[in-house]
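Only one structure is covered here, and it is reproduced in the block below.
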Amino acid sequence: MIENILTIDCEDWYHTRTAQKYLSGKKGVFAEGRISSNVRTLLDLFGSFGARGTFFVLGEVVEKFPELVMRIDKTGHRIGAHGYKHVDVFSMDKQEFESDVSKVTGFINSLVSRPVESFRAPNWSINNDCLWALEILKKYDYKYDSSSPKMLSLLKNTKGDQIIEIPRSGAQFFRLTIPLGGAFLRVYPFGLMMRLMKKINQDGFPFMLYIHPWEIDAGLPLIRTSRIDRVIQYYGIKQNLEKIRRILDAFKFIPVEDFFEKNEVDKNLLNTFYQLG
Ligand SMILES: [Zn+2]
């Protein structure tokens, strides 16, 4: 059975770009830490299927809930970094990004059994204009990055001792390329999503799934948003845990780090990560 990559962007609901648009400056009001119970629910679910993943934790979460991060680590998952603050990398300069990375890396490494090796930028925000970010990640001993907004691999960054860029997985459905995870998992018909993921594995390729703990929270505080933002932040959340359960039942998942330790970085594999389906 093909081993796919499971990734969890570990931020609370109010960190999202969508929520921040409406909450700027008010997030303290909502900072009650719903993330803890949502992560525990996910850990129990993953445990019951023997699925393991990489949890990209936000520095603000690590600082506030160190015991949660230690628990994820002890359960056999890997801890990656999601930045210290949930800020787009392309909006920072080099110094700002380095100080963000240094802070989150230090927090994580003081808590976990194995040093952090993988990074995912908030909102897939390492684009071609800020590839310098990869050099900074390398300086802090990161081996893997999964931050590119394109559903393509950045091959030039996968050679030699360069960081391995793991592209966001997507599947082709007629003219659409559908990313595998996040709001897309909630919005598109589940039967279609399952079919696309199965096709990728049947063709002999792995895929990477990404989810957020707040996306299973049926009691998510409601804020007034535009219609499109309501879809991005809230649509399909009540059904999402069951969807994830069915995915775990049908596919095998391991963390980013295990995947590359086992598979010895086949660059061709990276290149075709997204294209099939
Ligand atoms: Zn995020």
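Derivation of every value follows stated rules applied to the coordinates shown; laboratory data play no part. For clarity, every value in this text was computed on a predicted model and none was experimentally measured. Neighbour counts run over all protein chains shown; Cβ positions are idealised from the backbone, glycine included.
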Worksheet item: In what order do Ser118, Ser102, Ser48 fall by count of nearby beta-carbon atoms within 10 Å, going from fewest to most?
Response: Ser48, Ser102, Ser118
Discussion item. Just to be sure I follow: if Rg is taken over the C-alpha atoms of the stretch 63-147 and Rh is the Kirkwood radius over the same atoms, what is Rg/Rh?
Written reply: 0.96
Discussion item. Can you tell me what share of the DSSP beta bridges in the chain is antiparallel? A percent to the nearest 5 is fine.
Written reply: 15
Discussion item. To check my understanding: the extent here is largest minus smallest coordinate of the Cα atoms along each principal axis. What are those three numbers for the stretch 214-253, in Å, largest first?
Written reply: 37, 19, 14
Worksheet entry | Added length on full extension, which subtracts the Cα-Cα distance from 0.36 nm per residue, Arg245 to Phe173 | 23.6 nm
Worksheet item: Hey, can you rank 74-85, 138-149 by average C-beta count inside 10 Å, highest first?
Response: 74-85, 138-149
Response to the item:
Semi-axes a, b, c in Å (a largest) for the stretch 1-144, each sqrt of 5 times a Cα gyration tensor eigenvalue, come to 23, 20, 14
Worksheet entry | Chain lengthening between Lys21 and Ile228 when straightened (0.36 nm per residue, less Cα-Cα) | 73.2 nm
Discussion item. Helix-only mean residue ellipticity at 222 nm, the chain, DSSP H runs n ≥ 4 weighted -39,500 (n - 2.57), per residue, nearest 500. What is it?
Written reply: -12500 deg cm²/dmol
Worksheet item: What percent does the relative contact order of the stretch 3-272 come to when contacts are Cα pairs within less than 8 Å and at least six residues apart?
Response: 26
Worksheet item: Using alpha carbon centroids, what distance separates the stretch 61-126 and the stretch 163-212, in Å?
Response: 25
Worksheet item: For the modelled label position 7 Å from the Cα of Lys85 along Cα-to-Cβ, which residues of the stretch 203-234 have backbone nitrogen atoms closer than 14 Å?
Response: none
Worksheet item: Mind checking which aspartates and glutamates have their C-alpha under 18 Å from Lys64, skipping anything on the same chain fewer than 8 residues away?
Response: Asp9, Glu11, Asp12, Glu32, Asp73, Asp100
Fill in: For Val57, Val104, Val69, Val87, order by how many other beta-carbon atoms lie within 10 Å, fewest first
Val87, Val69, Val104, Val57
Discussion item. Averaging over every viewing direction, what projected area does the convex hull of the Cα atoms of the stretch 99-243 cover, in nm²?
Written reply: 11.6
Practice prompt. Could you sort out which of Lys74/Lys238; Lys74/Lys252; Lys139/Lys238; Lys138/Lys199; Lys138/Lys262; Lys85/Lys143 sit more than 31 Å apart by Cα distance in this structure?
Written response: Lys139/Lys238; Lys138/Lys199
Worksheet entry | Rounded, prolate or oblate (a/c below 1.5 giving rounded, otherwise prolate when a/b exceeds b/c) for the chain by Cα gyration tensor | rounded
Worksheet, complete the sentence: A chain fully extended from Phe49 to Lys262 at 0.36 nm per residue, minus the present Cα-Cα distance, gains in nm 74.6 nm
Practice prompt. Note down the nm distance, to one decimal, between modelled labels 7 Å out along Cα→Cβ at Asn128 and at Lys74.
Written response: 4.7
Item to complete: Among Leu180, Leu134, Leu45, determine the one that fluctuates most according to a GNM of the chain built with springs between C-alpha atoms less than 10 Å apart.
Response: Leu45
